[in-house]
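Asks: Pasting in a structure now, in structure tokens, and then I'll have a few things to ask.
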Amino acid sequence: MDNSIANEGKGTLQKYLSPLGAWALAFGCAVGWGSFVMPGTTFLPIAGPLGTVLGIFIGALLLVVIGANYHYLIGQYPDAGGAFSYTKKIFGYDHGFLCGWFLVLTYVAIIWANATALPLIARNILGDMFQFGFHYEIAGFSVYMGEVMLSCIALLLCGMICVWNKAAKSVQIIMAFVLILGVIACFIACLTQHEGGTATFEPAFSEDDTPAVGVISIVFLAPWAYIGFESISHSAGEFRFEAKRSGKIMLAALLTAAAAYAMLAICAVSHIPGEFDSWTDYIKNLGDLEGLKGLPTFFATESALGSAGAVLLGVTALGGGL
């Protein structure tokens with residue numbers, strides 16, 4: 001391959017990203033708002049507590065293979081662009097164009113998912129504070145102008161941070177530590193204040209399918225759950241370290257993300273409202289509940305730490321959203 005093509009764009013970007021900053025970027029992109037909502041809405045109904053933990057870690061290990069491929073390509077083409085750049089340089093511009101469109105669709109899907117999770121969390125924590133202005137219904141869900149504005153402001157704020165490299169690096173590192181340390185603190189609190197022993201975590205798997213089907217279903221969700229851990233490939237031209245270290249950084253980000261997902265899933269079943277006999281009954285009736293009861297991770301943390309628990313997890317969720 002022509003060296004001029006292989007080195008296209010190399011050396012034109014500011015070298016600002018440290019190994020810690022790269023880990024924060026990869027981890028922060030892999031874990032977002034959805035990780036605080038999905039245990040109740042998706043993971044637990046499909047696989048149960050143990051099935052969710054197994055599926056999450058198996059999925060992470062399978063994605064290590066993807067990470068190894070990215071690590072190799074970063075070493076071969078240490079500049080900006082990620083998968084788009086690799087496809088364009090190896091297969092040509094036509095394939096690069098198609099890859100670029102697929103990447104746009106993928107990241108746009110993640111952006112709206114995180115943007116819509118913020119009003120959902122705000123609705124359960126702050127009540128109807130943002131439910132003002134015109135509203136409409138889609139799929140039985142009411143959308144208010146105030147909540148739309150909240151999402152737009154959050155997206156604008158994140159965009160402004162990302163434009164300023166130095167600020168982005170510092171914010172990413174701070175928010176990544178807020179996220180993982182907050183999750184760990186909530187997890188420890190939920191377990192230490194938990195009553196009823198291991199019996200309250202039963203059944204370990206979902207009753208709707210066999211354990212194998214439940215675990216495999218979570219594994220199938222892993223690419224969606226972890227998407228973004230490879231995002232450092234887009235910033236390879238901005239590394240302040242050797243590209244060969246990217247593999248270990250992505251591995252660390254994947255394992256940290258898996259631990260965060262698993263801890264939040266366990267938190268969700270550690271405390272349930274008194275009117276329910278088991279976590280299965282609780283999860284099946286989430287749609288009929290309001291306030292923090294509608295978000296199992298938040299309800300559990302509040303049950304363990306009081307009102308401070310909801311605030312703590314809210315700040316932690318903010319770390320995941322930014």
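The values are calculated or read from the model by the stated rules, or taken from the named source; none is laboratory data. Keep in mind it's a predicted model, so treat the numbers as computed, not measured. All Cβ positions, glycine included, derive from the backbone under ideal geometry; neighbour counts span all protein chains shown.
Asks: Sort through E230, E195, E207, E242 and tell me the only one that's acidic (D, E), at negative phi and in contact with a Phe, Trp or Tyr (Cβ under 7 Å, 6 or more places away or on another chain).
Replies: E230
Asks: Do you know which of the residues in the range 197-218 that are of a type outside the set (F, W, Y) and in a loop (DSSP other than H, G, I, E, B) is nearest to G40 (Cα to Cα)? Spell out how you get there, then give the answer.
Replies: Filtering the range 197-218 for residues of a type outside the set (F, W, Y) gives 197-200, 202-204, 206-218.
Within this subset, residues satisfying the condition of being in a loop (DSSP other than H, G, I, E, B) are 202-204, 206-210.
Values: E202: 15, P203: 15, A204: 15, S206: 12, E207: 15, D208: 15, D209: 17, T210: 19 Å.
Restricting to residues being of a type outside the set (F, W, Y) and in a loop (DSSP other than H, G, I, E, B), the top hit is S206.
Okay, residues lined up against (1) part of a loop (DSSP other than H, G, I, E, B); (2) touching a Cys at 6+ places or on another chain (Cβ under 9 Å); (3) closer than 24 Å to V311 by Cα:
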site	(1), (2), (3)
T106	no, no, no
A109	no, no, no
P119	no, no, yes
R123	no, no, yes
F130	yes, no, yes
Y136	no, no, no
S142	no, no, no
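Asks: Go through the range 204-226 and give me each residue that's under 13 Å from V53 (Cβ atoms) and among the β-branched types (V, I, T).
Replies: The answer is V215, I218, V219.
Asks: L181: out of contact with any strand residue (DSSP E or B) (no Cβ under 6 Å at 6 or more places or on another chain), loosely packed, with under 13 Cβ neighbours inside 10 Å, on the phi < 0 side of the Ramachandran plot and in a helix (DSSP H, G or I), yes or no?
Replies: Considered against the rule, which asks whether it is out of contact with any strand residue (DSSP E or B) (no Cβ under 6 Å at 6 or more places or on another chain), loosely packed, with under 13 Cβ neighbours inside 10 Å, on the phi < 0 side of the Ramachandran plot and in a helix (DSSP H, G or I), L181 comes out as yes.
Asks: Tell me yes or no: at least one residue of the range 78-95 is under 18 Å from G319 (Cα atoms) and either in contact (Cβ under 8 Å) with a residue 12 or more places away in the chain or among the hydrophobic types (A, V, I, L, M, F, W, C) (or both).
Replies: Taking every residue of the range 78-95 in turn, none turns out to be under 18 Å from G319 (Cα atoms) and either in contact (Cβ under 8 Å) with a residue 12 or more places away in the chain or among the hydrophobic types (A, V, I, L, M, F, W, C) (or both).
Asks: Take the residues in the range 139-155 that are aliphatic (A, V, I, L, M) and modelled with pLDDT under 85, then tell me which one is surrounded by the most Cβ atoms within 10 Å (Cβ to Cβ).
Replies: Going residue by residue through the range 139-155, those that are aliphatic (A, V, I, L, M) are 139, 143, 145, 148-150, 153-155.
If we keep only those that are modelled with pLDDT under 85 too, we end up with 139, 154-155.
Numbers: A139: 4, A154: 18, L155: 15.
The extreme case among them is A154.
Asks: Also, I was wondering about something else. Mind checking which helices (runs of 4 or more DSSP H) fall wholly inside the range 1-104 and carry at least 3 residues that are modelled with pLDDT of 90 or more and either closer than 25 Å to F187 by Cα or aromatic (F, W, Y) (or both)?
Replies: Details: elements: 3-6, 19-30, 34-38, 44-76, 82-91.
Once the helices (runs of 4 or more DSSP H) in the range 1-104 are filtered for at least 3 residues that are modelled with pLDDT of 90 or more and either closer than 25 Å to F187 by Cα or aromatic (F, W, Y) (or both), what remains is 19-30, 44-76, 82-91.
Asks: Can you say whether E302 is acidic (D, E), crowded, with 19+ Cβ neighbours inside 10 Å and free of Cβ contacts under 8 Å to residues at least 12 places away in the same chain, as far as the supplied structure shows?
Replies: yes
Asks: When both residues are 6+ apart or on different chains and their Cβ atoms are under 7 Å apart, which pairs have a first residue that lies in the range 187-203 and is surrounded by 10 or more Cβ atoms within 10 Å (Cβ to Cβ), and a second that is assigned to a helix (DSSP H, G or I) and of a type in the set (V, I, T)?
Replies: F187/I266; A189/T301; C190/T301; F201/V269; P203/T280
Asks: What is the residue count in the range 88-138 for residues that are surrounded by 11 or more Cβ atoms within 10 Å (Cβ to Cβ) and on the phi > 0 side of the Ramachandran plot?
Replies: Within the range 88-138, residues that are surrounded by 11 or more Cβ atoms within 10 Å (Cβ to Cβ) and on the phi > 0 side of the Ramachandran plot number 2.
Asks: So, one more: So is A252 part of a helix (DSSP H, G or I), over 28 Å from K15 (Cβ atoms) and touching a residue at least 12 places away in the same chain (Cβ under 8 Å) or not?
Replies: In short, no.
Asks: Within the range 256-279, which residues are of a type in the set (G, A, S), in contact (Cβ under 8 Å) with a residue 40 or more places away in the chain and outside any helix (DSSP H, G or I)?
Replies: S278, the sole residue that qualifies.
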